[in-house]
Amino acid sequence: LSNLLSEVDLSKIEPSVYRKMIIYLSNIIMDFSSWRKIIFIDQDANDIHYMDSSLFSSILQLEQLFKADQTYEEDENELELF
């Protein structure tokens, strides 16, 4: 996550992408806060792997947002399959 955010040039981000970035970062903060609370404070983690995957998924969404934005800028005609 740190590497991804350090590579982002905020001056080149479209407003719509910037708004999505803020939402994804908020989700990551909420996931991490929830993860920390459940594991260390409540100590009531039924399935830690589910919580890890939720946090990881939020980070991947942010990564895909920037990759999709870069791909669009580089070559509009290239088709990307998932």
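Starting from region 47-70, keep only residues that are more than 14 Å from Leu5 (Cβ to Cβ), then list their pairs with residues that are among the polar types (S, T, N, Q) and surrounded by 13 or more Cβ atoms within 10 Å (Cβ to Cβ) whose Cβ atoms are within a distance under 8 Å, requiring at least 6 positions of separation or different chains.
As it stands, the answer is Met51/Ser34, since those pairs meet every condition given.
Going by what's in this entry, would Asp75 be described as more than 18 Å from Ile29 (Cβ to Cβ), at pLDDT below 55 and open to solvent by less than 80 Å² (accessible area, probe 1.4 Å)?
Working: more than 18 Å from Ile29 (Cβ to Cβ): yes; at pLDDT below 55: yes; open to solvent by less than 80 Å² (accessible area, probe 1.4 Å): yes.
Taking the combined requirement at face value, the residue satisfies it.
Pick from region 1-47 the residues that are within 14 Å of the chain's Cα centre (by Cα) and of a type in the set (Lys, Arg): which of them is most open to solvent (accessible area, probe 1.4 Å)?
Among them, the one singled out is Arg19.
(1) part of a helix (DSSP H, G or I); (2) at pLDDT below 90; (3) surrounded by 12 or more Cβ atoms within 10 Å (Cβ to Cβ): which one isn't true of Glu63, the others all being true?
For Glu63, the failing item is (2).
Among all residue pairs at least 6 apart or on different chains, which show Cβ distances below 6 Å where the first residue, located in region 12-31, is farther than 15 Å from Ser54 by Cβ and the second is surrounded by 13 or more Cβ atoms within 10 Å (Cβ to Cβ)?
Within 6 Å, the pairs are Val17/Asp69; Lys20/Leu65.
Within region 36-55, which residues are modelled with pLDDT of 85 or more and either of a type in the set (Phe, Trp, Tyr) or under 30 Å from Ser11 (Cβ atoms) (or both)?
Result: Phe40, single match.
The values are calculated or read from the model by the stated rules, or taken from the named source; none is laboratory data. Given the structure is predicted, the values throughout are model-derived calculations rather than measurements. Glycine gets a Cβ as well: all are built from the backbone with ideal geometry, and neighbour counts include every protein chain shown. Only protein heavy atoms, including side chains, enter the accessible area calculation; ligands, DNA and RNA are left aside. Shrake-Rupley method; radii C 1.70, N 1.55, O 1.52, S 1.80 Å.
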